[in-house]
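J.: Quick one: the structure is below, questions incoming.
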Amino acid sequence: RNINKVKVVNSRQDNRRPSIYSTMDAMPHLEFYANATATGRIRRCRPSLETLRKSEIESEENGPGGKTAQPVRFGWITGVMIRCMLNIWGVILFLRLSWITSQAGILLTWLIILMSVLVTSITALSVSAISTNGRVSSGGAYFMISRTLGPELGGPIGVVFSFANALACALNTVGFAETVRDLLIYDSQIVDSINDVRIIGSITVTVLLLISLAGMEWESKTQILFFLVLMVSFVNYFVGTLIPATPQKQSIGVFGYHSEIFLENLFPDWRGADGDFFRMFAIFFPSAIGILAGANISGDLKEPEIAIPRGTLMAIFWTTVSYLAISSTVGDCVRTCVLRDASGSMNDSLPLNFSEPCEGLSCGLGWNFTECQQSGTCAFGLSNNFQVLIQVSGFGPLIYAGIFAATLSSALAFLVSAPKVFQCLCKDNIYPFIGFFAKGYGKNNEPLRAYLLCYIIAMCFILIAELNVIAPLISNFFLCSYALINFSCFHASITNSPGWRPSFRYFSPWTGLFGAVISVVLMFLLTWWAALIAFGLIIFLFGYVVYKKPEVNWGSSVQASTYNMALSYSVSLAGVEDHVKNYRPQCLVLTGPPTLRPALVDFVGSFTKNVSLMICGDILMDDEKSVSQRNSNDMIKWLNQRKVRSFYTSFKASDLREGARHLLQASGLGKLKPNILVMGFKLNWHESSSKGIEDYINTIYDAFDSNHGVCVLRMMDGLDIRDELETEGMLCSSVFNQAFEVDEAIESDDQISDTDSDVDNTKNKANDQIKTVFQSKQGKKTIDVYWISDDGGLTLLVPYLLTRRKRWRRSKVRVFIIGEQQTMENDRKEMMTLLQRFRLDVHDVIVVTDSERPPLAKNMRRFEETLAPFRLNEGQLDERTVQQQRTEFTWKVTDKEMDALRPKSEKKVRLNEIIRRNSKYAALVLVSLPVAQADCPSSLYMSWLDTLSYGIHCPVLLIRGNQQNVMTFYCQ
């Protein structure tokens with residue numbers, strides 16, 4: 001029968017309904033949005049755009065599924081409401097409510113109850129909103145907080161909440177053990193009062209562990225049994241309040257309804273070290289913490305998004321009614337008919353005509369408890385005995401049964417909740433060394449290993465054997481969880497994310513904020529040192545997650561808030577006029593695939609990180625298909641792993657020039673637009689086609705024409721490492737890009753130490769392991785700046801930004817300027833004054849006075865030989881052929897152009913000689929990039945760039961601003 005059902009489901013999947021637009025298109029369907037990992041089956045996918053445009057959809061073949069064991073799922077009554085009610089009706093109700101009343105009085109006790117219900121009700125509203133904003137998986141409170149606020153806050157609260165549930169298991173087990181011990185006191189003790197609690201508690205939690213290991217089905221049946229016992233004990237209690245008190249009950253302080261006792265018990269009577277309001281609240285509050293019992297097993301519910309809000313709110317309603325009813329009867333009976341002090345001796349009854357001295361309210365009721373009150377030896381009464389409810393009830397053993405049911409059911413629920421939450425945390429792999437506990441067993445994926453861990457933690461706290469010591473610790477941890485749940489709801493609401501669409505409407509972001517604030521305030525008012533421990537633990541765990549940055553994406557409200565802030569700031573920034581003081585070098589870097597030019601990426605990232613915008617531009621000229629989204633994500637991950645703060649954008653174009661021109665115009669947003677074009681030097685330009693050289697040089701010209709600065713980085717062995725990656729078998733064909741022709745492979749620098757690298761080598765693979773010179777500390781080497789032409793100050797700003805980085809901090813900046821021998825000292829002083837006004841820390845200014853000397857013949861000869869293939873040899877051709885070639889080959893250099901521009905060429909050769917002479921040991925050389933006139937042939941300009949940077953062993957940056965000031969020495 002089950003197999004037939006599966007066949008019907010599969011046939012429905014195969015017969016998808018087509019759209020009216022096309023037989024290949026599909027109608028909207030729920031399974032297109034389902035998460036495969038959550039449903040545990042193969043996810044159906046709608047056809048992609050590429051499929052709709054180019055091909056037909058192939059029919060899906062889904063074979064009939066076999067019969068599999070179905071996990072046990074619970075509805076909102078048995079799975080949430082009953083479970084929450086059992087958790088709320090805990091040990092505090094039976095063993096501490098009467099004692100709290102004796103200390104705080106009726107009025108303050110009601111205030112304590114209402115404050116607790118207020119916090120839990122607001123939290124329940126927030127839980128209902130979060131749980132109805134999408135399908136909830138296993139993990140309870142941790143799952144909701146982490147998927148709403150992200151792993152940074154979800155991870156810490158998952159640890160704290162799991163620990164708090166283990167503590168709550170210990171609390172209720174100790175409450176059960178105390179009751180059993182008190183029963184044994186009348187007959188026999190095992191050892192003594194403290195050790196008896198330890199022994200009984202250890203045996204009890206072991207039995208509960210065995211029930212939990214038997215599976216959720218057995219655990220649920222046990223909880224229903226406990227619920228029925230509790231109902232019987234409540235009826236027994238209410239009946240007992242109506243039965244007239246016998247003399248035996250009167251001797252222990254239980255009387256009929258009397259207004260005198262009621263009025264006396266209205267006000268507090270603080271006694272002992274625990275006698276203050278917030279201490280009483282801290283002890284009582286754990287009786288209200290069970291509201292998340294149903295949410296904690298969200299993975300075992302049939303419809304969590306319906307069951308959690310309905311069951312949780314109903315549980316709070318009925319338990320609040322029960323608390324008010326019990327407190328009212330306690331006010332009308334227990335508090336009215338039970339004195340704060342009683343001796344329990346029948347000999348203290350007074351005859352009708354007594355003449356003995358008697359003090360207190362008991363005298364008017366026929367009993368004289370003056371002696372035990374004055375000596376402090378009263379063993380009974382609200383202030384001295386925790387078993388008052390048993391004494392008031394109609395049949396005491398039934399109250400014991402109720403205590404056993406309340407304590408054991410709560411302990412069992414917490415023992416189940418803690419491992420479930422911790423298992424979800426372990427599966428997310430946020431923290432190290434806990435993945436061992438993520439493994440599940442059986443059809444319900446039971447976390448048996450986590451059960452054992454929770455058992456050990458609970459056992460450790462059971463050995464404390466003091467209920468009043470454990471309760472305040474639990475209060476702080478649960479209040480911390482409630483604070484984050486409420487803040488999650490508030491934060492998700494105010495971010496205005498379209499993804500925040502909870503079907504539960506009865507909540508407000510401001511009630512969530514109020515719940516978060518009041519929870520934090522109560523934490524410190526209850527037990528300040530426990531609050532500090534809880535926050536210290538959360539801050540430590542939060543810092544670890546922020547540092548490690550786990551690779552998860554849950555669509556959290558933090559991401560939505562980040563988007564909102566970025567959008568708001570970008571829009572507001574667009575209306576602000578540019579100011580030279582706020583200038584930042586915003587770079588469009590033509591890297592191609594960034595993985596193939598890591599040195600170019602590392603260099604630009606060195607002076608833009610945390611300072612300005614960096615965009616890695618990838619121009620695609622592959623006609624087959626564009627780069628996929630997956631590859632784009634791979635590039636971004638590579639940049640993040642390399643700790644380079646950069647965007648990545650790809651653009652499909654027919655050639656380099658077209659792609660760069662469009663990227664310069666379209667990249668960025670508002671004021672966050674590139675103002676500098678950064679390129680790698682075309683090292684193989686001699687072998688390139690004329691079209692390739694034209695595109696490369698015209699790209700520089702286009703940048704100048706669009707008022708952008710230009711930087712060209714050259715390294716001795718080139719920037720492109722494709723050859724090296726191919727040699728090592730690391731290169732994937734998907735990263736090949738024809739926009740950049742292959743340069744000579746860069747040699748890896750074996751001298752770079754791992755400690756100097758920004759790259760996390762444990763995550764990187766293949767080409768991620770390529771190191772560059774810009775990842776190593778530069779020591780005391782120099783940064784030589786040849787400021788040949790004033791470009792507005794960009795040539796000086798870049799080295800200044802570099803020296804702010806840790807690797808370049810010890811490097812010394814030297815500025816070289818062109819001058820004459822006669823005015824050398826004045827030129828130097830003038831430049832030093834300018835640099836000081838700019839507040840730039842420059843080590844030295846050197847005036848070059850021999851720039852007018854002619855270059856060496858061998859160097860000039862090399863220049864001419866380099867340019868020879870691009871010359872138009874007019875002397876060997878007739879006039880007609882010359883005119884034809886001038887028209888067809890505009891990139892070739894004519895004799896006339898060569899003669900006219902020879903002085904400029906000689907100066908470039910001479911400047912290269914000066915650079916090689918003075919910067920042998922520099923870490924970086926920056927040279928002003930010459931700006932060619934519009935009629936300068938591209939091959940000649942290319943040869944100038946080659947000549948300027950030829951033979952220099954360190955990286956060379958040819959740099960030119962847009963001739964507008966980027967630095968100022970004025971305040972406004």
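The values are calculated or read from the model by the stated rules, or taken from the named source; none is laboratory data. None of the values given here were measured: they were computed from a predicted structure. Counting neighbours? That spans all protein chains shown, and the Cβs are built from the backbone with ideal geometry, glycine included. Ligands, DNA and RNA are excluded from the accessible area calculation, which covers all protein heavy atoms including side chains. Shrake-Rupley method; radii C 1.70, N 1.55, O 1.52, S 1.80 Å.
J.: Somewhere in the stretch 409-425, is a residue at pLDDT below 85, hydroxyl-bearing (Ser, Thr, Tyr), more than 30 Å from residue 509 (Cβ to Cβ) and in a helix (DSSP H, G or I)?
T.: For the stretch 409-425, residues at pLDDT below 85, hydroxyl-bearing (Ser, Thr, Tyr), more than 30 Å from residue 509 (Cβ to Cβ) and in a helix (DSSP H, G or I): present.
J.: Look at residue 442 and say whether it is surrounded by fewer than 22 Cβ atoms within 10 Å (Cβ to Cβ), of a type outside the set (Val, Ile, Thr) and in contact (Cβ under 8 Å) with a residue 24 or more places away in the chain. Don't jump to the end; show me each part of the working.
T.: Details: surrounded by fewer than 22 Cβ atoms within 10 Å (Cβ to Cβ): yes; of a type outside the set (Val, Ile, Thr): yes; in contact (Cβ under 8 Å) with a residue 24 or more places away in the chain: yes.
Yes.
J.: In addition: Please indicate, with yes or no, whether at least one residue in the stretch 485-495 is under 17 Å from residue 555 (Cβ atoms), among the small types (Gly, Ala, Ser) and surrounded by fewer than 23 Cβ atoms within 10 Å (Cβ to Cβ).
T.: First, the residues of the stretch 485-495 that are under 17 Å from residue 555 (Cβ atoms): 488-489, 491-495.
After this cut, where a residue has to be among the small types (Gly, Ala, Ser) as well, the list is 488, 492-493.
Narrowing the set further to residues that are surrounded by fewer than 23 Cβ atoms within 10 Å (Cβ to Cβ) leaves 493.
The answer is yes, given that some residue of the stretch 485-495 is under 17 Å from residue 555 (Cβ atoms), among the small types (Gly, Ala, Ser) and surrounded by fewer than 23 Cβ atoms within 10 Å (Cβ to Cβ).
J.: Taking the criterion of being in a helix (DSSP H, G or I), in the same structural domain as residue 856 (by the TED database) and either open to solvent by less than 50 Å² (accessible area, probe 1.4 Å) or not polar (S, T, N, Q) (or both), would at least one residue in the stretch 926-938 satisfy it? Break it down into steps so the answer makes sense when it comes.
T.: Start the filter on the stretch 926-938 by keeping residues that are in a helix (DSSP H, G or I), which leaves 938.
In the following step, the residues that additionally are in the same structural domain as residue 856 (by the TED database) were identified as 938.
So of that shortlist, the ones also either open to solvent by less than 50 Å² (accessible area, probe 1.4 Å) or not polar (S, T, N, Q) (or both) come out as 938.
Within the stretch 926-938, one or more residues are in a helix (DSSP H, G or I), in the same structural domain as residue 856 (by the TED database) and either open to solvent by less than 50 Å² (accessible area, probe 1.4 Å) or not polar (S, T, N, Q) (or both).
Let's see how each residue does on (1) under 23 Å from residue 635 (Cβ atoms); (2) in a loop (DSSP other than H, G, I, E, B); (3) modelled with pLDDT of 90 or more:
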residue: 677; (1), (2), (3): yes, no, yes
residue: 686; (1), (2), (3): no, yes, no
residue: 691; (1), (2), (3): no, no, no
residue: 697; (1), (2), (3): no, no, yes
residue: 700; (1), (2), (3): no, no, yes
residue: 718; (1), (2), (3): yes, yes, no
residue: 724; (1), (2), (3): yes, no, no
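J.: Something else: Within the stretch 463-558, considering only helices (runs of 4 or more DSSP H) that don't extend past its boundaries, which have at least 3 residues that are more than 30 Å from residue 278 (Cβ to Cβ)?
T.: Values: elements: 467-494, 509-526, 528-548.
The helices (runs of 4 or more DSSP H) meeting that bar are 467-494, 528-548.
J.: To continue, here is another question. Could you grab me the full set of residues in the stretch 267-321 that are of a type in the set (Lys, Arg) and either crowded, with 24+ Cβ neighbours inside 10 Å or in contact with a strand residue (DSSP E or B) (Cβ under 7 Å, 6 or more places away or on another chain) (or both)? Give the steps one after another, and end with the answer.
T.: Within the stretch 267-321, the first condition is being of a type in the set (Lys, Arg), and the residues that meet it are 271, 279, 302, 310.
The answer is 302, and nothing else.
J.: Would it be correct to say that residue 912 is over 28 Å from residue 675 (Cβ atoms), surrounded by 21 or more Cβ atoms within 10 Å (Cβ to Cβ) and at pLDDT 90 or above?
T.: Answer is yes for this residue.
J.: Given the condition modelled with pLDDT under 90, over 23 Å from residue 942 (Cα atoms) and either outside any helix (DSSP H, G or I) or out of contact with any His (no Cβ under 9 Å at 6 or more places or on another chain) (or both), answer yes or no: does some residue in the stretch 883-890 qualify?
T.: For the stretch 883-890, residues modelled with pLDDT under 90, over 23 Å from residue 942 (Cα atoms) and either outside any helix (DSSP H, G or I) or out of contact with any His (no Cβ under 9 Å at 6 or more places or on another chain) (or both): present.
J.: Let me ask something else. On the given criteria, is residue 907 in contact (Cβ under 8 Å) with a residue 40 or more places away in the chain, assigned to a helix (DSSP H, G or I) and among the basic types (Lys, Arg)? Walk me through it before giving the result.
T.: On the way: in contact (Cβ under 8 Å) with a residue 40 or more places away in the chain: yes; assigned to a helix (DSSP H, G or I): yes; among the basic types (Lys, Arg): yes.
So residue 907 fits the description; yes.
J.: Another question about this same structure. Pick from 787, 808: which is in contact (Cβ under 8 Å) with a residue 24 or more places away in the chain and closer than 21 Å to residue 931 by Cβ? Full working, then the answer.
T.: Details: 808 fails: closer than 21 Å to residue 931 by Cβ.
It is 787.
J.: Looking at this structure, is residue 576 under 30 Å from residue 837 (Cα atoms) and open to solvent by 70 Å² or more (accessible area, probe 1.4 Å)? Break it down stepwise before answering.
T.: Numbers: under 30 Å from residue 837 (Cα atoms): yes; open to solvent by 70 Å² or more (accessible area, probe 1.4 Å): yes.
Answer is yes for this residue.
J.: Being assigned by the TED database to the domain that holds residue 94 and modelled with pLDDT under 80 narrows it down to one residue among 134, 175; which is it?
T.: On the way: 175 fails: modelled with pLDDT under 80.
Every option except 134 fails the conditions.
J.: Considering only the stretch 426-439, state which residues are part of a loop (DSSP other than H, G, I, E, B), open to solvent by less than 40 Å² (accessible area, probe 1.4 Å) and in contact with a Lys or Arg (Cβ under 9 Å, 6 or more places away or on another chain). Quick ask: steps written out before the conclusion?
T.: Applying the first criterion (part of a loop (DSSP other than H, G, I, E, B)) to the stretch 426-439 yields 428-434, 439.
Adding the requirement that they be open to solvent by less than 40 Å² (accessible area, probe 1.4 Å) leaves 428, 430-431, 434.
Across the stretch 426-439, the qualifying residues are 430, 431.
J.: Collect the residues in the stretch 179-232 that are within 19 Å of residue 459 (Cβ to Cβ) and among the basic types (Lys, Arg), keeping them in residue-number order.
T.: Correct list: 181, 198.
J.: Restricting the search to the stretch 181-234, which residues are assigned to a loop (DSSP other than H, G, I, E, B), open to solvent by 50 Å² or more (accessible area, probe 1.4 Å) and either outside the structural domain of residue 401 (by the TED database) or not hydroxyl-bearing (Ser, Thr, Tyr) (or both)? It would help to see each step written out before you state the result.
T.: Restricting attention to the stretch 181-234, the residues satisfying the condition of being assigned to a loop (DSSP other than H, G, I, E, B) are 186-192, 214-215.
Of the ones still in play, those that are also open to solvent by 50 Å² or more (accessible area, probe 1.4 Å) are 186-192, 214.
187, 189, 190, 191, 192, 214 - these are the residues of the stretch 181-234 that are assigned to a loop (DSSP other than H, G, I, E, B), open to solvent by 50 Å² or more (accessible area, probe 1.4 Å) and either outside the structural domain of residue 401 (by the TED database) or not hydroxyl-bearing (Ser, Thr, Tyr) (or both).
J.: Something else now. Which condition breaks for residue 866 when tested against (1) farther than 16 Å from residue 938 by Cα; (2) open to solvent by less than 70 Å² (accessible area, probe 1.4 Å); (3) modelled with pLDDT of 85 or more; (4) not charged (D, E, K, R)?
T.: (1)
J.: Can I ask one more? Here is a list: 442, 435. Which entry is among the small types (Gly, Ala, Ser) and either more than 27 Å from the chain's Cα centre (by Cα) or farther than 20 Å from residue 146 by Cβ (or both)?
T.: Numbers: 435 fails: either more than 27 Å from the chain's Cα centre (by Cα) or farther than 20 Å from residue 146 by Cβ (or both).
The unique qualifying residue is 442.
J.: Read through the list (1) of a type outside the set (Val, Ile, Thr); (2) under 30 Å from residue 229 (Cα atoms); (3) touching a strand residue (DSSP E or B) at 6+ places or on another chain (Cβ under 8 Å), then give the number of the only condition that residue 440 fails.
T.: (2)
J.: Suppose we filter 126, 146 for residues that are at pLDDT below 85, under 22 Å from residue 494 (Cα atoms) and crowded, with 24+ Cβ neighbours inside 10 Å; which single one remains?
T.: On the way: 126 fails: at pLDDT below 85.
Result of the check over 126, 146: 146.
J.: So, in the stretch 68-100, exactly how many residues are modelled with pLDDT under 70, open to solvent by 10 Å² or more (accessible area, probe 1.4 Å) and in contact with a helix residue (DSSP H, G or I) (Cβ under 6 Å, 6 or more places away or on another chain)?
T.: 1
J.: Next up: Taking residue 639, is it in a helix (DSSP H, G or I), closer than 20 Å to residue 707 by Cβ and open to solvent by less than 60 Å² (accessible area, probe 1.4 Å)?
T.: Values: in a helix (DSSP H, G or I): yes; closer than 20 Å to residue 707 by Cβ: no; open to solvent by less than 60 Å² (accessible area, probe 1.4 Å): yes.
Considered against the rule, which asks whether it is in a helix (DSSP H, G or I), closer than 20 Å to residue 707 by Cβ and open to solvent by less than 60 Å² (accessible area, probe 1.4 Å), residue 639 comes out as no.
J.: Would you confirm whether or not the stretch 683-691 contains a residue that is closer than 30 Å to residue 570 by Cβ and open to solvent by less than 20 Å² (accessible area, probe 1.4 Å)?
T.: Filtering the stretch 683-691 down to residues closer than 30 Å to residue 570 by Cβ leaves none.
No, the conditions are met nowhere in the stretch 683-691.
J.: Which residues, counting only those in the stretch 133-161, are of a type in the set (Ser, Thr, Tyr) and in contact with a Lys or Arg (Cβ under 9 Å, 6 or more places away or on another chain)? Spell out the reasoning first.
T.: Filtering the stretch 133-161 for residues of a type in the set (Ser, Thr, Tyr) gives 137-138, 142, 146, 148.
Listed by number, the residues that qualify are 137, 138.
J.: Please go through the stretch 781-819 and pick out each residue that is small (Gly, Ala, Ser) and under 18 Å from residue 581 (Cβ atoms).
T.: First, the residues of the stretch 781-819 that are small (Gly, Ala, Ser): 789, 792-793, 811, 819.
The answer is 792, 793.
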